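Take a look at the structure set out below.
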Amino acid sequence: MSDSSTTSEAPTFDASGDFYAEHKHRLETASCDGTEDSARQQSQLLRDTYATAQGLLGQADAIKLRALAAAYELADTLADSLSPTRGADSPLTERMLEDRDRRFAWHLRSLMGELSFIARETDISLRNRAYDAYELVTNYPEWIDAIAAGEVEFRHARELLKNARALERKDALALSERGLEYAREHSVRETSQFLEQELATLAAEDFEEACKRERAERSVYVKPARHGMAYLISYLPIEQATAIDEILTRQARALREDAEREAAECASVDGFVADDRTTAQIRADVFAETMLTATPTSILESETAGASRITATINVTVPVLSLISGRIDGSDPALLNGTAPMSFEEARQLAATAPALQRVLTDPITGHTLCVDHYPPDESQRRFLRVRDVICRFPGCSRPAAGSEVDHTIPYSEGGPTSINNLAHLCKAHHVQKHHAGWGVKQLGRGVLEFTTPLGYRATTSPSPTGPRFRPTGEPASPFNDASPFNDASRTSQPDGTNQASRADENRGASETDQSPRSSEPGRTCEPAPF
């Protein structure tokens, strides 16, 4: 996960007049004669129109959230003052009328049923969102303002709620403050990872207990699909699942390369049939063949029988002081491949069995990577960059660095050195895009990259700290009470220095069917905590 920092300033919009007709006409009448100036003008028009619409969506979302919060509060008021009207054949029981929580749920259901005809959603979905809205307006109003300003989206805020509900009030407010600052400059997925790491830091002991509890629930099951297919779903510790995934990918790529080489050599041979399977298909075949032909008994009874021909490499970041003395609340969690918090005990076991430990020197203040112990220079640079970058460094992209390409910021053909200060990970698609005319990238030092679009807008991405992060002395991590919080119960850019509001496409368009953990509050279905 990398940090993307830009400056945003949402404009004020005048919604008077036929907004849709006006902008529809502008888009339909815009034309490009093929010249560079014409293409640039149309690109600017498209960008401005999209940014305006995105800003209006933020304001509309904030109004809808406030309306849902008001409906939730109205239902709460009616539960104290009015009982539902009951006809002669009403199924309402005396118990329902006498129980305040049931009266509240009835009134909220009725109000959401009214709105469901407008929203074309189920009243259940709206009831859950009403609770989210009420919680945001009541406890985190700054998030509503940020949504209205076009700085974040409701999906960002839901990630905050999902994690903050596991914390005490003081810690939840601290998480909200740090989370909002981060969310203003990052995608929903990046924000979710950041909040999960912060939660694991604030509640270290409870997180470890949750890891043990979930590990006991590991399982494998089949979910039938259509047309003779099925899903084989495995619930595993993250370090095992990640290793299996990498083994499948490595084996599939090796077989794909062999198939392509054989096809080139035997193209003229009569009767030769090339292996045209895709990498995804080969991964599935390798998985099935491994499971169906493995010999568990020999694996258990012999050190070599059944040994894998290809081994997985996973990066586990563990604070060295925690590795020595154990983990406490407020200390950073162990991270798998730089992003996913994992059980500290499992991380310590991996460290104990590792053939060698890789020392990562970090800046004591910022936590950024400075140096990695190494032997072969080329491999050391790749190791360093994987630790520093974690993912593709293009703003908004989250493809892992392990599956990306190392790019020379200043092309090697133009004299760019093969040095850490001129290298960064870009996924294949963004690597190709970076070399298109008009796109520019500049290294600003300490791994910070500045991207410039063909229209002149700028955005920066910064590597996430991999070392210790120090808090001010007046802001210690707060201990928890006896009640465990883990019980079972847009991007913006700057055109030549001018601020302009915009949000990443990936943050819009996903289904808003509410699946987040539920509170035990009235009218809300209870679901497990995040861990």
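When each of Arg261, Arg165 is scored by the number of other beta-carbon atoms lying within 10 Å, the sequence from fewest to most is Arg261, Arg165. Sequence-ordered 3J(HN,Hα) estimates for region 24-32 from the Karplus curve with 6.51, -1.76 and 1.60 and θ = phi - 60° stand at 4, 5, 4, 6, 6, 8, 5, 9, 10 Hz, glycine and proline given as x. When you filter the trypsin sites (Lys or Arg not before Pro) in region 102-133 for DSSP loop state and at most 14 other Cβ atoms inside 10 Å of their Cβ, you are left with Arg120.
Excluding same-chain neighbours fewer than eight residues apart, the lysines reachable from Lys442 by a Cα-Cα span under 20 Å are Lys428, Lys434.
Computed packing ranks the peptides 51-60, 192-201, 421-430, 217-226 as 192-201, 421-430, 51-60, 217-226, most packed first, by mean other Cβ atoms within 10 Å.
Which shape class applies to region 165-279: rounded if a/c is under 1.5, otherwise prolate when a/b exceeds b/c and oblate if not, where a ≥ b ≥ c are the square roots of the Cα gyration tensor eigenvalues? Cα axes put region 165-279 in the prolate bin. Full extension of the chain between Glu209 and Glu73 yields a length gain of 45.4 nm, computed as 0.36 nm times the residue separation minus the alpha carbon distance. Could you work out how far the C-alpha centroid of region 240-272 sits from that of region 172-219, in angstrom? Centre-to-centre (Cα) distance: 38 Å. Please compute the net charge surrounding Leu426, taking Lys and Arg as +1 and Asp and Glu as -1 over other residues with Cβ under 15 Å from its Cβ. Here the charged neighbours net out to +4. Near Leu449: Cβ cut-off under 9 Å, other residues only, Lys/Arg at +1 and Asp/Glu at -1. The net charge is +1.
Within the set of other residues whose C-beta is less than 11 Å from the C-beta of Val137, count the net charge using Lys and Arg as +1 and Asp and Glu as -1. Spelling it out: positives minus negatives among the neighbours equals -4. Each Lys and Arg contributes +1 and each Asp and Glu -1, all at the Cβ; summed about the Cα centre of region 219-301, the dipole is approximately 480 debye.
For Lys170, the lysines whose Cα falls under 19 Å of its own Cα, not counting residues fewer than eight places away in the same chain, are Lys162. Taking a ≥ b ≥ c as the square roots of the eigenvalues of the Cα gyration tensor of region 219-301, is the shape rounded (a/c under 1.5), prolate (a/b larger than b/c) or oblate? Verdict is prolate for region 219-301. Straightening the chain between Asn421 and Thr278 buys 47.9 nm, computed as 0.36 nm per residue apart minus the Cα-Cα spacing.
A short reminder: the numbers here are calculations on the coordinates, not readings from a lab. The shown structure was predicted, so the numbers you read here are calculated from the model rather than taken from an experiment. When we count neighbours, we look across all protein chains shown, and the Cβ atoms used for this are built from the backbone with ideal geometry, even at glycine.
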